[in-house]
Amino acid sequence: MQIYFIRHAQSSNNDLYDRTGKSDGRNEDPELSPIGKIQAKLLSEYLLNNSNQNLRNINNDPHNRFGYYFNTCLASPMVRAIETGWECTKLMGLQLKLCVDLHEGGGIFLENSNKELIGLPGKPKSYFLKRYPGIIVDEHISEEGWWNQPFEPQEIRKARAKRVWDMIFKEYDDSSRIVLFSHFGFFNYFLSALINFEWSETVKFKMNNAGISRIDVNDDRSLKEIVYINKVDFLPNELIT
């Protein structure tokens, strides 16, 4: 089993913070920025140009020198992750499925005038079906949105990351080549859950926008190998954010 974790391309919130150092005026569910759209295009072209169907039977390719092969594509229901995944899967002729548990830490929220973080609904099912024809919508997404909860605390994020690993090991077999389009914050919980590492604000696993990480799991699930983290060499220097 191979699991590829791809962080979304730059969002308008990422761009806002990069330019101002603040989150004032952030959107609760931002789209990709102009730079993010270019990053997503370059990512999708890189994966397409290096796609190799013969890899379904090859396990020993630790640096993807022979290319990439995916048979399962999952995305966070946050717009920036979907837009990144949609660009890639559309170009490669693959189907994208939404997975609520891949969302970024905190959920959908905005800060009110009292500096309180207020949870919001998230996009409804019809939004995804209309904007991304053919996308598979998670059963937990309704017309009332997919979040509708308070701001998500850290302890819940840790449990969610473990739940994603449990889902992968239960639903997918050794031939699976899974790509997850998700987020920097959740990647830290996801990787920490794998290695039983106690995540903290002082130690982080770096993931740039559109960065690719890979984890291999052997047939009996006794060995998990972190093959590489944060591959962005398909982007020019000025587009690494």
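Screening the chain for whole DSSP H helices with an alpha carbon extent of at least 15 angstrom along the helix axis and a mean Kyte-Doolittle hydropathy of at least 0.5 yields 184-195. Note on the chain: antiparallel DSSP beta bridges, both residues inside, total approximately 55 percent of the bridges counted.
When each of Cys88, Cys99, Cys73 is scored by the number of other beta-carbon atoms lying within 10 Å, the sequence from fewest to most is Cys99, Cys73, Cys88.
Charges were assigned to the Cβ only: +1 to each Lys and Arg, -1 to each Asp and Glu. The resulting dipole of region 106-241 about its Cα centre is roughly 240 debye.
In this structure, the pairs whose alpha-carbon distance is over 20 Å, taken from Lys37/Lys162; Lys41/Lys123; Lys204/Lys231, are Lys37/Lys162; Lys41/Lys123.
Residues Glu111, Glu28, Glu144, arranged from fewest to most other Cβ atoms within 10 angstrom of their Cβ, appear as Glu144, Glu111, Glu28.
For the chain, the Cβ-based charge dipole about the Cα centre amounts to some 340 debye (Lys, Arg positive; Asp, Glu negative; other atoms uncharged).
Excluding same-chain neighbours fewer than eight residues apart, the lysines reachable from Lys125 by a Cα-Cα span under 21 Å are Lys90, Lys97. From its DSSP helices (H runs of at least four residues, each -39,500 (n - 2.57)), the chain gives a residue-normalised ellipticity at 222 nm of -10000 deg cm²/dmol. Computed over the Cα atoms of region 105-207, pair by distinct pair, the Kirkwood hydrodynamic radius stands at 15.8 angstrom. In straight-distance terms, cross-link reach from Lys22 covers every one of the aspartates and glutamates whose alpha-carbon lies under 17 Å from its own, apart from those fewer than eight places away in the same chain; here that gives Glu111, Glu116.
Arranged from fewest to most other beta-carbon atoms within 10 Å of their beta carbon, Glu116, Glu198 become Glu198, Glu116.
None of the figures in this text is laboratory data; all of them are computed from the coordinates on show. Since this is a predicted model, take the numbers as computed values, not measurements. No Cβ is skipped: glycine too gets one built from the backbone with ideal geometry, and neighbour counts run over all protein chains shown.
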